[in-house]
Amino acid sequence: MSEATQLAQHGQDGHPAHDPGLSRRTLGVPAITLMIIAASAPLTVVAGGVTTSFAVTGSLGVPLGFLLIAVILTVFAVGYTAMGRHITNAGAFYAYISRGLGRAAGVGASLIALVAYNAMQVGLFGLFGFQLSMFLEAKLGFASPWWVWIIVGIVAVGILGVNKIDVSAKVLGVLVALEFLVVIVFDIFSFAAAPEGVTTTTLNPGELFGPSLGIVLVFGVAAFMGFESGAIYGEEAKDPKRTVPHATYAAVAIIGVFYAFSAWAFSVGVGPSNIVGASREFGPDLMFVFMSEHVSVIFVDIMNILFLTSLFAALQSFHNAVARYFFSLGREGVLPRWFAHTGKTGAPWAGSVSQTVIALLVTAGFAIAGATGGEAALGEQGFLFPVLTMFTWLTNTGAMGLVMLMAVVAAAVIGFFARDRRGLGLWTTLIAPLVSGLLLAWVFVMVIANFHLQLGQEAPTAETYVLPIIVALAGLVGVIWGLVLKARRPEVYARIGRGTEPGAYGTEVVDVVGASEL
């Protein structure tokens, strides 16, 4: 089928003529803010992320580490959201890098984003399936394979994914509210217990700014992944130029302060002198062990259930992000146009179904690996197979890819405004993206240098860097594919990253864009 014929079958916004496209004017600031927060999974971070940070780093500077990361991401958001006021595209990182650093680089970024978001989403399923299986066995005596509950979760997430976006927003809103409530209750009991008094030991800057600073940020930054996803919903926002920036700033401020405060409360409740040792002994169970000493079993059970719903909320949020990336790339011809199909509800059903299939296939791979020797190879820890492999490997890989992309986006912001500052000052167009980009690049280097610790290895091995190499190869393949499009399908190449801009899907697009924009 010729390009002209394909264009004739698509509307001016690039999706198939019989599809309604993504829903418009649907999401307000609260809805997008909640979806961003849901991706970071507050209860999961406090129960798992905080204890892991204390245990692995051995540092008491974890609470301030969350605040420092929030500051870095807030500075990053200055240029990121400013660029978003001029580019509204469900592809977000893909579109920004395409317009700031060149279209081939944008295609490379799109594949890295797809790998990273899929890795985050599928990896979380590993923890979800394991926790639900263990909970049911403990409470009902019902032993079941972890992968069965992952399949159930995949189906539930997929059903929400093909429905109207505000349905997901409402579900996520309820789950996030419950997460905050249970963590606040935990914080209150922590301050009430305070075996060493309500001390500010872990809020001392000297505890953070030392040899362990880099590793604290490495483990802390993963808690914020999803913060950048507000731009993905720009096409569905009520007022993209205002809604997305406000939601992004609100989300990073809320989760930054909330994580720092709760991590401090955690240290007060257990005691600063004991928090590192207890975190190493109990891991993510420490929160529930602590609460079991102060509240009824029923309340602890409720906390466990909300821990599962916290994971589900994050799963849904990352699923939505992947579906919209597929949609954006299909609409612009970077991927087959089938991915641009949407349903009557405005949901990108083709992208949603694709993500669901990916999750099922990867889950099947890990399930088979576990059953054919993987669990036995772990010995006494064999029952933790989905956590030690599927969850640990994939979520850390996803976080690494997203940190790298944010550093590249910061450079793209500078490149975008270098041609036309659009009336904005140097702080927005140069200083803020430069400072945040350098800091994020440093965090990325620290992530790579300490990747073996994130995977639970005592020292790096050849296998340590297999996953980072896969991410890098995805970017390289994307760049090559972008150059192939430039040479063989210049009309497709010319509209990369242009989304719903006027003329992006007409034959005049090549002349409008010009070769100077790469």
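The values are calculated or read from the model by the stated rules, or taken from the named source; none is laboratory data. Please read all numbers here as calculations on a predicted model, not as lab measurements. Here Cβ is always computed from backbone atoms with ideal geometry, including for glycine, and neighbour counts include all displayed protein chains.
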> If ALA250 satisfies every condition in (1) surrounded by 24 or more Cβ atoms within 10 Å (Cβ to Cβ); (2) modelled with pLDDT of 90 or more; (3) closer than 30 Å to GLY499 by Cα but one, which is the exception?
Replying inline: (1)
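Conditions (1) assigned to a helix (DSSP H, G or I); (2) surrounded by 19 or more Cβ atoms within 10 Å (Cβ to Cβ); (3) of a type in the set (D, E, K, R), marked per residue:
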residue: LEU335; (1), (2), (3): no, yes, no
residue: THR345; (1), (2), (3): no, no, no
residue: SER352; (1), (2), (3): yes, yes, no
residue: ALA364; (1), (2), (3): yes, no, no
residue: THR372; (1), (2), (3): yes, no, no
residue: PHE385; (1), (2), (3): yes, yes, no
residue: TRP393; (1), (2), (3): yes, yes, no
> Taking helices (runs of 4 or more DSSP H) that do not extend beyond region 32-119, which have at least 2 residues that are in contact with a helix residue (DSSP H, G or I) (Cβ under 9 Å, 6 or more places away or on another chain) and under 16 Å from GLY230 (Cβ atoms)?
Replying inline: 62-84, 93-101
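Any idea which of ALA432, ALA376 is in contact with a helix residue (DSSP H, G or I) (Cβ under 8 Å, 6 or more places away or on another chain), among the small types (Gly, Ala, Ser) and touching a residue at least 60 places away in the same chain (Cβ under 8 Å)? Spell out the reasoning first.
Working: ALA376 fails: touching a residue at least 60 places away in the same chain (Cβ under 8 Å).
None of the others qualify; the one that does is ALA432.
For (1) touching a residue at least 40 places away in the same chain (Cβ under 8 Å); (2) of a type in the set (A, V, I, L, M); (3) out of contact with any helix residue (DSSP H, G or I) (no Cβ under 6 Å at 6 or more places or on another chain), each residue gets a yes or a no:
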{"site": "GLU281", "(1), (2), (3)": "no, no, yes"}
{"site": "HIS294", "(1), (2), (3)": "yes, no, no"}
{"site": "ASN304", "(1), (2), (3)": "yes, no, no"}
{"site": "SER310", "(1), (2), (3)": "yes, no, no"}
{"site": "ALA314", "(1), (2), (3)": "yes, yes, no"}
{"site": "ALA323", "(1), (2), (3)": "yes, yes, no"}
{"site": "PRO336", "(1), (2), (3)": "no, no, yes"}
>> Just to verify a result, which residue in region 431-464, among those that are part of a loop (DSSP other than H, G, I, E, B) and within 22 Å of the chain's Cα centre (by Cα), is surrounded by the fewest Cβ atoms within 10 Å (Cβ to Cβ)?
In response: GLY456
>> Return the residues of region 181-225 that are crowded, with 24+ Cβ neighbours inside 10 Å and assigned to a loop (DSSP other than H, G, I, E, B); say none if nothing qualifies.
In response: MET225
>> If the requirement is being of a type in the set (A, V, I, L, M), in contact (Cβ under 8 Å) with a residue 24 or more places away in the chain and over 22 Å from THR51 (Cβ atoms), which of these qualifies: VAL115, VAL176?
In response: VAL115
